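Quick notes on the structure that follows.
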Amino acid sequence: MSIAQEEMAEAVTDATQDSPQDNNPADVGGRPACGWLQDLSNAFQVVGAIAVVASLIYVGLQLRLNTSQLQREESNATQAQWQAIRLTLAGDRDVAQLWVAGLNGGTLDAIDRLRFESLLSEHTWATFHIWDRTVTGVFEASNFERGAGPSLARWLCSPGGAPWWTKTKVQYAPGFVHDVEAAMTRLTPEERANCPAPQ
């Protein structure tokens, strides 16, 4: 090889070594494409996690709203039950007299006895529904413990209510019977004078 040919070959070699090599044409901004894909994947994961949290918050708010609505509906239904009983006593003097005579242990004929015990049964069942809604978490415990429970306990500790409760409490849920008789123990000594003995 002549001197001129050797010099030309060396020049070509030097030019090849000095020129930048584009070994990764997919580079963007100096970073490999796989790096950008990883960043995009991470971003999607973050967005997905945020969406899950937002969905859980929404579901929680909906449950709270539905619970509040259910409580209002149940409260209205309970109020309607008690209103019917109260109006019966307030609107009919004969019924009110029968109620008082029955609670006081007065002498009642067969018809009046049936009427009195039917009223007492209605009062007890209405109170049971409050207790049941309290046990299931629809109402707060105070609805029964400070309201309906003591009221029913006083009626059932009356001279006329005690015998009726003794013979009919087997018809009710054991938990209800337990809580009613627990309410009896919290009455005043005078109110407990005629309470039936727990069984």
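Laboratory data are not the source of any read-out in this text; all were calculated from the coordinates shown. Keep in mind that what you see is a predicted model, and the values were worked out from it rather than measured. Cβ coordinates were reconstructed from backbone atoms using ideal geometry, including for glycine residues, and neighbour counts include every protein chain displayed.
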Handout entry: Sequence ranges 105-112, 119-126, ranked by mean other-Cβ count within 10 angstrom, highest first
Key = 119-126, 105-112
Problem - Highest average packing first - 135-143, 39-47, Cβ atoms within 10 Å - result: 135-143, 39-47
Practice task
Using only the C-alpha atoms of region 87-194, find the volume of their convex hull and express it per residue in Å³.
Solution key: 101 Å³
Practice task
Rounding to the nearest 20 debye, state how big the charge dipole of region 72-185 is about its Cα centre with +1 on each Lys and Arg Cβ and -1 on each Asp and Glu Cβ.
Solution key: 140 debye
